[in-house]
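As structure tokens, the structure follows; a few thoughts come after it.
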Amino acid sequence: MTQQPELRRTLGVFDAVVIGLGSMVGAGIFAALGPAAGAAGSGLLVGLAVAAVVAYCNATASARLAARYPASGGTYVYGRERLGEFWGYLAGWAFVVGKTASCAAMALTVGAYVWPGQAHAVAVAAVVLLTAVNYLGVQKSAWLTRGIVAVVLAVLAAVVVACLGSG
């Protein structure tokens, strides 16, 4: 019986944090904040604080599970080790389906901002481009994520400054 080769760990803590931040503070902030403000009204900041606490709990739990079960497979491995084979399988597929839906929503958001009349075409192009970068390796993906997160945070900071500076 031959042993499966292990994946090399090439990301440092900084890149892991940036990738996690990029998956939480992505294009969704540009699509979800308006409807959330409409639904929450003056309770928006409380809602954002609750969401931040939930995101922190999720990140902490994921980090602890990753430290306890340092094997490739993420959610599948955590579910399998804690709850059994079936639940690990279900958790893994739920993660894949959720990330696919999230990817589609973010791609459509990018399309709506970049070229509203051709949002679907831009979304498909964005997914193809990001898939190509991911194919080139995790280091290239981390580099691109750093750039995207920097742009998103800069835009959000500019919005905050503009809001604070206006009447």
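The values are calculated or read from the model by the stated rules, or taken from the named source; none is laboratory data. This structure is a prediction, so every number in the text was calculated from the model and none was measured. Every residue, glycine among them, receives a Cβ derived from its backbone with ideal geometry; neighbour counts consider all protein chains shown. Heads up: the accessible areas ignore ligands, DNA and RNA and are worked out on the full protein's heavy atoms, side chains in. Shrake-Rupley method; radii C 1.70, N 1.55, O 1.52, S 1.80 Å.
Take the conditions assigned to a loop (DSSP other than H, G, I, E, B) and free of Cβ contacts under 8 Å to residues at least 60 places away in the same chain and apply them to Gly73. Does it pass? Step through it out loud before you land on a result.
Numbers: assigned to a loop (DSSP other than H, G, I, E, B): yes; free of Cβ contacts under 8 Å to residues at least 60 places away in the same chain: yes.
Taking the combined requirement at face value, the residue satisfies it.
Mind counting the residues in region 58-70 that are over 16 Å from Ser23 (Cα atoms), in contact with a Gly (Cβ under 9 Å, 6 or more places away or on another chain) and open to solvent by less than 50 Å² (accessible area, probe 1.4 Å)? First the steps, then the outcome.
Residues of region 58-70 over 16 Å from Ser23 (Cα atoms): 64-70.
Now drop any that are not in contact with a Gly (Cβ under 9 Å, 6 or more places away or on another chain), which leaves 65-66.
Narrowing further to those that are open to solvent by less than 50 Å² (accessible area, probe 1.4 Å): 66.
Residues that pass the stated criteria total 1.
Given (1) open to solvent by 80 Å² or more (accessible area, probe 1.4 Å); (2) part of a helix (DSSP H, G or I), identify the lone condition not met by Gly167.
(2)
Which one of these does Tyr135 not meet: (1) under 15 Å from the mean Cα position of the chain (by Cα); (2) closer than 26 Å to Thr75 by Cα?
(1)
All but one of (1) in contact with a helix residue (DSSP H, G or I) (Cβ under 9 Å, 6 or more places away or on another chain); (2) outside any loop (DSSP other than H, G, I, E, B) hold for Gly98, so report the exception by its number.
Every listed condition holds for Gly98 apart from (1).
So which residues in region 72-104 are more than 18 Å from Met24 (Cβ to Cβ) and open to solvent by less than 50 Å² (accessible area, probe 1.4 Å), if there are any at all?
Gly73, Val77, Tyr78, Gly79, Gly84, Gly88, Ala91, Gly92
Do we find a residue being open to solvent by 70 Å² or more (accessible area, probe 1.4 Å), within 22 Å of Val155 (Cβ to Cβ) and without any contact (Cβ under 8 Å) to a residue 40 or more places away in the chain anywhere in region 40-57? Give the steps one after another, and end with the answer.
Applying the first criterion (open to solvent by 70 Å² or more (accessible area, probe 1.4 Å)) to region 40-57 yields 42, 45-46, 48, 50, 53-54, 56-57.
Now narrow it down to the ones that are within 22 Å of Val155 (Cβ to Cβ): 45, 48.
Right, trim to without any contact (Cβ under 8 Å) to a residue 40 or more places away in the chain and you get 45, 48.
Yes: one or more hits.
Since Ala157 meets every condition but one in (1) of a type in the set (A, V, I, L, M, F, W, C); (2) closer than 22 Å to Gly22 by Cα; (3) surrounded by 11 or more Cβ atoms within 10 Å (Cβ to Cβ), which condition does it not meet?
(3)
So if I check each of Val124, Val151, Val114, Val133, which one is β-branched (Val, Ile, Thr), open to solvent by 80 Å² or more (accessible area, probe 1.4 Å), free of Cβ contacts under 8 Å to residues at least 40 places away in the same chain and under 18 Å from Gly20 (Cα atoms)? Please lay out each step first, then the result.
Details: Val124 fails: under 18 Å from Gly20 (Cα atoms); Val114 fails: under 18 Å from Gly20 (Cα atoms); Val133 fails: open to solvent by 80 Å² or more (accessible area, probe 1.4 Å).
Within the list Val124, Val151, Val114, Val133, the selection yields Val151.
Take the residues of region 14-58 that are in contact with a Ser or Thr (Cβ under 9 Å, 6 or more places away or on another chain) and outside any helix (DSSP H, G or I): which is nearest to Leu108 (Cα to Cα)?
The qualifying residue nearest to Leu108 (Cα to Cα) is Ala27.
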